[in-house]
1. Taking region 188-233 only, how many residues are of a type in the set (Asp, Glu) and either within 25 Å of Ala372 (Cα to Cα) or within 16 Å of the ligand (Cβ to nearest atom) (or both)?
2. I want to confirm something. Restricting to region 74-88 and keeping residues that are of a type in the set (Val, Ile, Thr) and out of contact with any Lys or Arg (no Cβ under 6 Å at 6 or more places or on another chain), which single residue is farthest from Val122 (Cα to Cα)?
3. Give just the number: which of (1) more than 16 Å from the ligand (Cβ to nearest atom); (2) in contact with a His (Cβ under 6 Å, 6 or more places away or on another chain) does Ser178 not satisfy?
4. Having 1 or more residues that are over 24 Å from Asp337 (Cβ atoms) is the bar; report the helices (runs of 4 or more DSSP H) wholly within region 197-314 that clear it.
5. Does region 139-170 hold any residues that are more than 16 Å from the ligand (Cβ to nearest atom), in a helix (DSSP H, G or I) and under 30 Å from Phe88 (Cβ atoms), and which are they?
6. Answer with yes or no whether Gly131 is assigned to a loop (DSSP other than H, G, I, E, B), away from the ligand (no atom under 16 Å from the Cβ), closer than 27 Å to Gly87 by Cβ and of a type in the set (Gly, Ala, Ser).
7. What about Leu168, is it under 16 Å from the mean Cα position of the chain (by Cα) and surrounded by 20 or more Cβ atoms within 10 Å (Cβ to Cβ)?
Amino acid sequence: MSAPLPRRSVLSALGAGALCLAVGTAFAGGSPAGLAWRLRGGRVFVQGRLEDRDVGIDADGRIVLDGLTAATVAEVVDCAGRIVAPGFIDALADRAGGDSRVYEEYKLADGVTTALELHGGVADPGAYHFGETRRPHRINHGVGAKVMAVRALYASIDARSRQIERALDGGALSVSHSIEYQPVGFPELLTYARIAARRARPVVLHLRYSSAALELEGVREAVRLARESGAHVHIAHLNSTGGTFAPEAALDLLRAGLAEGLALTCCVYPYGFWATYLRSRRFDPGWRERYGLDFADLEVVGTGERLTARSFAHYRQSGSVIVAVPDGTMDIRRTVDLPLREPFCLVGSDGGMKRASGPNTHPRGSGTFATALRRAIDTGLGLEYMLGVLTERPRALIGRPLEDRGRIAAGARADVVVFDPMAIRNLGTAAKPVMRSEGIDAVFVNGRLAYRAGVLDAAGVGIRGG
Ligand SMILES: [Zn+2]
């Protein structure tokens, strides 16, 4: 791990003795009233509000809120000046086939305790969970049923439908499709969405269009899909696909659908630019007109190189190059701040990272949640409001599989983040995208201390639907 430790976190968490830890010691006593941890003196996010109180974690990894004074405590964490919140839930994580240890370390450092790959996922979630439970995980993890992968395996819609049903039985948390990348007709989409509706699982869509001329057609299609299928339809990264050029109109369409009684949500990542593989369909002929950009606007992620017509053609063949459009291409005040004021909009990273170094991601992969908090504090949207966005909203999207997580409540699984609201931020850029977030002091996953200015434990478990 070559990333430097965030200096302010190290100082605040360790230097001043703010965290009084003796990691690895046995729990004292072992009496039924004994607590493994007591998080003392923090501002705690409980039932949508910040309040001053202590939080206990018992030996089973469950949260205890009452009777803390009388309980025997193995370890005390002084949380004065810190926020104590449910660990963040990234419903739009993307491991991108990379090293899961690296990916999970950076998610953990960003305060994420549950990362769900619902933009896509896998064709066979049963096999995924069978394999993944045999390996240690830093954080909780789960996947959607990836329609693109299912379609690659089976030719007929009947066979594809059966596999999607098997995927949901095997623990898929969503039915997910990227229509722009693999266009399918509406009737086929509707077939899959009806399966999702019957199993009470959301349909997660990367919409069909990302151009100024057509983006709203993609939003209309998502609303129609919710109406005709009865499924909850979640629009992935509305800021980059569907609501880039006319976000006000896109939100109007969603509000109208909700007023009809449809189940609709969306998410955004808190950045003013997008990045993707140069080989992506996004860069099929006509991209300069679609996005109003030219070759020199494209920056190679990780190196900062600007493209020319010649290098564009070369890199598009080579496959692995990711390019970013200029910061400000998406007006963050309209494409991110505006949707996040709506009760139906979440924050999702749409990213991970394959390696700790090198051009393999957008800064959203490692920094989405710290960045969202920093922006909410700085723009006046509010810390308390954003904590609800990062925890309660994804929890509501996923439903039953997360019913005992994502909140500070007696008996809930202790997925907890402790952070400094003054220091929380992420400094990743397109040129240097993989950065540890700053200001995250400690993260507990299933009641075990998983992070404290560095990774400590692998306490994550699989989150399964079905
Ligand atoms: Zn996407």
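1. Just the residues of region 188-233 that are of a type in the set (Asp, Glu), to begin with: 188, 215, 217, 221, 228.
Checking which are either within 25 Å of Ala372 (Cα to Cα) or within 16 Å of the ligand (Cβ to nearest atom) (or both) leaves us with 215, 221.
Matching residues across region 188-233 total 2.
2. Step one: of region 74-88, the residues of a type in the set (Val, Ile, Thr) are 76-77, 83-84.
Next, from what is left, pick out any that are out of contact with any Lys or Arg (no Cβ under 6 Å at 6 or more places or on another chain): 77, 84.
Numbers: Val77: 39, Val84: 34 Å.
So the residue we want is Val77.
3. (1)
4. Values: elements: 215-229, 247-259, 287-291.
By residue number, 215-229, 287-291.
5. Answer for region 139-170, where residues must be more than 16 Å from the ligand (Cβ to nearest atom), in a helix (DSSP H, G or I) and under 30 Å from Phe88 (Cβ atoms): Val150, Ile164, Ala167, Leu168, Asp169.
6. So Gly131 does not fit the description; no.
7. Details: under 16 Å from the mean Cα position of the chain (by Cα): no; surrounded by 20 or more Cβ atoms within 10 Å (Cβ to Cβ): yes.
So Leu168 does not fit the description; no.
Residue by residue, here is whether (1) under 25 Å from Tyr106 (Cβ atoms); (2) small (Gly, Ala, Ser); (3) assigned to a loop (DSSP other than H, G, I, E, B) holds:
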| residue | (1), (2), (3) |
| --- | --- |
| Ser320 | yes, yes, yes |
| Met330 | yes, no, yes |
| Leu338 | no, no, no |
| Leu346 | yes, no, no |
| Ala370 | yes, yes, no |
| Arg405 | yes, no, yes |
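The values are calculated or read from the model by the stated rules, or taken from the named source; none is laboratory data. It should be emphasised that the depicted structure is a prediction, and the values quoted were computed from it without experimental measurement. In this analysis, Cβ positions are derived from the backbone assuming ideal geometry, glycine residues included, and neighbour counts consider all displayed protein chains.
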